[in-house]
Amino acid sequence: MGFTTSKFVNGSESIDSLPKNADSSLNKLANAKQNTLNGTNNTFAIVWLDTSVNDADIIHRNSIARFRRISVLIKTFINVDECLQYLTKMKETKILMILAGICAKEIWPRIKSMKHIHSVYIIVDGDDDDQNKEYSKQEYEKVKGIFDRVDPIYGFLKRDTRHIEQDLLGISIIPSDDYLKQELRQLNSLFLYWFLVKQIILDLKYDDGAHKSLAEFCRSHYTENTKELKIIDEYENNHQDHSPVWWYTRQCFLYVMLNRAIQTQDIEVIIRMAPFIQDLHRNIEEIETSNETSSIVLYRSQITSKDDFEKMRTTEGHLLSFHNFMLTNSNYKTALDETRRARGNVNSVALLFRIEVDSSQNSNCFTSLKNASYLKDQESYFLFSMHSIFHITEIKQIENQVWQITLKLTKIDDKQLIYLKELIHGKTQNVNQWYRLAKLMAVLREFDHAKEIYHVLLNLLPTTESSKLCYIYNELGIICDETGDYRLALSFYQKALEIQRKTTHFSHHLLSIAYNNIGEIQRELGDYFKALSYHKKTLSIKQKILSPHDLSLATTYNNLGLANQSLGEFATALEFYEKSLNIKRKALSPTHIDFAVTYNNMGELHREMGKYAAALKYLEKGLQIRLKTCSPNDSSLAITYNNIGLIHREQGDYNQAISYFRKSLEIKEKTYTSNHPALAISYINIGEVHQLLGEFPEAISSYEKALEIQEKAYSINHPDLAITYNNLGIVHQLLGNYPIGLSFYQKALKIRQKSLPPNHPAMATSYNNIGHVSQLMGDNNVALEYYQKTKTVQEKCLGPYHPSLAATFNNLGDIQRTLGNHKKALGLYEKSLEIKKKSLAPNHPTLSVAYNNIGVVHHAMQKHALALEYYKKALEIQQKNLPLDHPEVALSYYNIGTVHQSIKQYSIALENYEKALKIQEKILSPNHPDLAHIHNSTATAYFHLEKYEKALEHEQRAVDISTQSLSPDHPHLQTFKLHLQRIQSELEV
């Protein structure tokens with residue numbers, strides 16, 4: 001009586017399906033949602049709620065017409081619920097709200113906490129004295145007035161919209177000289193955005209028809225505003241009669257549209273209004289500034305939130321820019337009075353900007369509005385051009401809730417700004433005009449902005465501009481590729497290729513780029529055969545038009561290496577990587593970042609070939625280059641950390657492995673969108689370490705996170721989905737959920753049969769794991785069939801000492817042992833141990849598997865001393881590498897117990913069984929089959945000690961567990977039932 005088990009190796013694959021830096025011939029960028037803007041974005045809207053309003057009423061219609069002079073967006077409602085729905089939807093827009101009649105009381109409790117409602121104007125019945133008193137008693141912060149008719153509200157709306165626009169003047173700050181040491185990506189992207197927008201606008205050249213085109217565009221935004229339409233006509237026909245400053249200060253459609261476009265970064269409006277922006281800047285430069293004194297102090301008031309101010313408090317010495325054209329006042333008292341309107345609002349801080357200008361120096365442009373403005377009361381006002389930049393010299397509190405920020409205008413020849421301009425030029429030098437802005441946003445990983453700009457440019461281009469259309473589609477493909485939207489990326493690349501093919505004088509160079517990018521996206525989509533085909537087309541073109549040592553060929557060799565590696569053609573992949581490396585050695589310095597790409601891929605290839613020492617050497621060489629040349633959050637560092645983690649995992653150093661995986665994940669979370677497939681790879685690898693450490697719930701959680709991402713990003717037959725299904729199968733197998741494990745393995749195999757060649761190593765993994773779970777379910781013939789399939793594939797695609805082949809010999813040994821062929825089993829186990837000793841570290845955890853299983857065979861052959869020796873070797877390795885409550889530690893205690901039981905040392909056997917049971921009950925489900933084995937053996941020991949009641953208790957548990965977890969005809973269950981009957985017979989005597 002008694003039962004011993006051996007440890008079954010699952011052959012789970014080690015993966016890194018991160019894009020292995022395909023080193024594509026265009027810089028790869030990233031994705032955001034598609035967003036083509038039509039019309040003007042609105043920073044504020046007027047909402048009028050009046051349940052008794054009548055659209056036909058002449059007073060109402062006249063009021064709406066007047067209000068349109070203030071805001072393009074005006075909404076009227078007669079239903080409270082509809083109004084609330086609209087307010088909820090418009091959270092990004094400042095609302096000025098008119099409430100009339102009984103609806104004011106009804107809606108007020110539901111809107112007073114809405115932060116985007118800026119001002120409320122309440123119309124009450126003039127004869128209702130009680131209602132007037134009720135509102136006046138309450139300190140409604142947002143209520144700007146109680147009125148008995150609508151007419152007076154117009155003046156208040158005009159004042160409050162001016163305050164909103166004044167307070168919405170965009171500000172961005174960067175450290176004054178940090179960009180001398182840092183990458184652009186670490187700086188404030190808004191500062192850089194407007195810095196480049198201004199450069200682009202000032203560099204562009206416009207023809208005489210630009211003003212007519214601008215008028216036509218603006219007219220489409222004022223279709224219902226007759227007053228502004230007349231001004232637009234006037235501008236179109238007679239714009240030259242007045243200066244751009246005069247037109248801007250008229251505060252007509254030009255002022256409104258320009259300010260809102262800059263406030264909302266509406267790039268289409270900015271592009272359309274660029275001719276006027278350029279004219280306005282040039283006009284400011286031309287107007288003679290005041291010569292009364294060489295030093296001028298100007299003021300600007302602005303209200304901001306407490307949170308935003310806290311971010312500014314420690315920025316003395318930094319550079320500050322106002323994004324828009326900025327109106328300032330030389331009258332200190334007037335400006336200070338403006339700031340005091342923040343009092344009473346506990347969530348706001350008033351800022352008084354004190355701006356020091358030395359007009360004798362060559363500073364950024366500004367001008368006095370004296371004799372230049374449309375308005376006659378602006379003699380004390382000065383206008384600064386857009387994106388004027390200042391040094392912050394002092395920040396101090398001057399009154400309650402009022403802070404003064406002293407600024408000094410920068411000079412045109414400021415060295416820091418010149419360097420910043422050169423830095424931006426270096427990142428965008430291969431493109432011009434507005435394409436530079438999109439490129440910069442992509443470099444900064446501001447992908448929403450980059451994609452938006454490209455879509456706007458796409459809509460503005462005529463269909464005849466084939467080369468520009470091709471470029472934009474390609475860049476949009478690169479953006480989608482970077483953020484994991486591979487199918488959309490493929491569609492953009494295919495559009496670019498289609499345009500190329502239709503062009504009569506197509507460029508071979510551009511065609512090769514299209515083939516290259518489609519090849520890489522096909523690889524990431526898991527269609528490795530198509531990927532290889534496209535990269536061969538790329539190579540064919542480049543070999544015809546380039547010299548043999550051109551760096552672009554190194555890129556193609558690299559990508560051909562990746563495609564062959566994905567197909568399991570390791571020798572061919574290595575040849576291509578070597579070719580890529582040889583070209584780079586002739587053209588680049590040894591520490592160039594491009595070497596890191598090839599070193600990474602060669603490291604990954606050697607890892608897949610089981611050559612871990614060589615793999616780690618290449619990966620560490622790549623890491624040293626990247627640490628010197630990349631920012632701390634560069635995505636390429638995430639790839640390298642991930643791949644080094646894989647090597648440590650293969651070598652059994654799980655703590656180091658999970659440390660590197662988490663470093664990689666931390667960078668990815670800062671760099672990628674939350675559903676990017678790169679994050680799924682980290683979750684899978686972290687899950688595998690949890691699995692190896694016996695932390696099964698944590699492993700399942702990580703795998704399910706990965707699966708959720710992959711199912712959104714990939715097609716149903718993507719190979720990476722097979723990896724996740726496979727790993728979920730392994731965990732359920734380890735938890736004793738064999739049918740669930742088998743279903744996941746079969747899903748993985750089905751995908752691999754459709755997406756991979758028949759001799760791919762991943763096919764061997766699937767065959768192995770189906771064989772393994774079949775063995776655990778008692779179907780040894782099916783298990784033997786799948787293990788033989790595994791061995792056939794591995795011998796064709798892997799070296800003779802690959803660790804995966806060791807796992808297969810181990811599993812074939814398990815089958816032979818189960819069939820009673822102990823000598824065959826021992827030979828197979830020893831072959832497995834031989835491979836592991838040659839390919840792994842001396843204390844690698846999987847060596848304990850080989851020692852354990854050799855011990856099992858010696859035990860079965862009655863060689864008890866040898867069995868005990870091998871079991872103790874296994875336990876010694878496990879105690880050095882694994883947690884003390886790991887299932888493999890429990891297995892070793894159990895097997896040591898079975899040997900002592902065999903030589904009739906029952907008390908020692910029970911000590912070891914108890915240790916094993918304590919661990920297993922802690923980490924396994926209550927009905928796991930391994931618990932049944934321990935209970936059965938414990939019952940056997942008690943039986944021989946004639947403690948029959950104890951024996952009955954444990955044997956009954958073995959039968960109960962097996963009934964729940966095994967099929968009725970499973971041999972283990974039948975054995976346990978026989979043992980139970982024998983114990984019951986002894987108790988009846």
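The values are calculated or read from the model by the stated rules, or taken from the named source; none is laboratory data. The shown structure was predicted, so the numbers you read here are calculated from the model rather than taken from an experiment. Backbone-built Cβ (ideal geometry, glycine too); neighbour counts: all protein chains shown. Each accessible area value is taken on the protein alone, full model and side chains, heavy atoms only, with ligands, DNA and RNA left out. Shrake-Rupley method; radii C 1.70, N 1.55, O 1.52, S 1.80 Å.
Some points to look at:
- Note, ³J(HN,Hα) from phi for the range 876-893, Karplus 6.51, -1.76, 1.60, rounded to Hz, x at Gly and Pro: 4, 5, 4, 5, 7, 10, 10, x, 5, 9, 6, x, 5, 5, 4, 4, 5, 4
- For the range 235-290 versus the range 883-913, the gap between their alpha-carbon centres in whole angstrom: 86 Å
- The relative contact order of the range 308-429, computed from alpha carbon pairs under 8 Å that lie at least 6 residues apart in sequence, is 33 percent.
- Ellipticity estimate at 222 nm from DSSP helix runs (n ≥ 4, -39,500 (n - 2.57)) divided over the chain, nearest 500: -20000 deg cm²/dmol
- Translational diffusion coefficient of the range 291-413 (Stokes-Einstein, Kirkwood radius from Cα pairs, 10 °C, 1.306 mPa s): 106 µm²/s.
- In degrees, nearest ten, helix 612-629 long axis to first principal axis of the chain (Cα): 10 degrees
- Listed peptides 677-689, 111-123 by packing density, highest first (mean Cβ within 10 Å): 677-689, 111-123
- Rounded to 10°, Cα long-axis angle of helix 153-167 versus longest principal axis of the chain: 50 degrees
- For the chain: Kirkwood Rh in Å [reciprocal of mean 1/r, alpha carbons]: 33.8 Å
- Packing-based order for 468-476, 642-650, 874-882, 58-66, using average beta carbon neighbours within 10 Å, highest first: 642-650, 468-476, 874-882, 58-66
- Partner aspartates and glutamates for Lys747 [C-alpha distance under 14 Å; skip if fewer than 8 residues away on the same chain]: Glu711, Asp720
- Solvent-accessible ranking of Thr88, Thr940, Thr304, Thr975, largest area first, probe 1.4 Å: Thr88, Thr975, Thr304, Thr940
- Distance violations [Cα-Cα > 21 Å] among Lys376/Lys408; Lys115/Lys227; Lys530/Lys754: Lys376/Lys408; Lys115/Lys227
- Within the straight-line cut-off of under 27 Å between alpha carbons, the lysines reachable from Lys904 are Lys7, Lys823, Lys863, Lys872, Lys873, Lys915, Lys918, Lys947, Lys950, Lys977, sequence neighbours fewer than 8 places apart in one chain being disregarded.
- Share antiparallel - DSSP beta bridges, the chain, percent rounded to 5: 55 percent
- Mean projection area, nm², convex hull over Cα of the range 857-989: 8.2 nm²
- Annotation: extensible slack from Ser213 through Arg149 equals 18.9 nm (criterion: 0.36 nm per residue apart, minus Cα-Cα distance).
- Under the convention that each Lys and Arg Cβ holds +1 and each Asp and Glu Cβ holds -1, the size of the dipole of the range 291-413 around its Cα centre is about 240 debye.
- Each Lys or Arg adds one and each Asp or Glu subtracts one; over the other residues with Cβ under 15 Å from the Cβ of His900, this totals +1.
- Helix 780-797 axis, angle to the chain major axis (alpha carbon atoms, nearest 10°): 60 degrees
- Taking label positions 7 Å along the Cα-Cβ direction at both Glu578 and Gln433, the computed distance is 4.9 nm, reported to one decimal.
- HN-Hα J in Hz across the range 731-743 - Karplus 6.51, -1.76, 1.60, θ = phi - 60°, x for Gly and Pro: 5, 5, 5, 5, 7, x, 8, 5, x, 5, x, 4, 5
- Measuring r between the beta carbons of Asp550 and Ser220 and using R0 = 45 Å, the FRET efficiency lands at 0.35.
- The range 597-669 - Kirkwood radius from inverse mean 1/r over Cα pairs (Å): 11.9 Å
- Taking 0.36 nm per residue of separation and subtracting the current Cα-Cα distance, fully stretching the chain between Glu286 and Asn717 would add 148.7 nm.
- Prolate is the label for the range 890-941, because the ratio a/c of its alpha-carbon gyration tensor axes (a ≥ b ≥ c) is 1.5 or higher and a/b is greater than b/c.
- Only Cα pairs under 8 Å and 6+ residues apart enter the sum, and on that basis the relative contact order of the chain stands at 11 percent.
- The range 805-988, relative contact order in percent, only Cα pairs under 8 angstrom and at least six apart counted: 12 percent
- Options Leu945, Ala860, Gly813, ranked by Cα towards positive dipole end of the range 805-988, top entry (Cβ charges): Gly813
- Signed unit charges on C-beta, dipole axis of the range 683-757, positive-most listed residue Gly729, Gly687, Tyr703: Gly729
- Convex hull of the range 499-558 built on C-alpha atoms - directionally averaged projected area, nm²: 4.2 nm²
- Per-q log10 I(q)/I(0), the range 800-877, q = 0.11, 0.21 Å⁻¹ (Debye; single scatterer per alpha-carbon; no solvent): -0.24, -0.85
- Three principal axis extents of the range 179-286 based on alpha-carbon atoms, in descending order, are 53, 31, 23 Å.
- With DNA, RNA and ligands ignored, accessible area of Arg159 (1.4 Å probe; Å², nearest 10): 90 Å²
- Heavy-atom accessible surface of the range 291-413: percent carbon and sulfur, 1.4 Å: 42 percent
- Solvent-accessible area per residue in the chain equals 42 Å², computed with a 1.4 angstrom probe and all protein chains kept.
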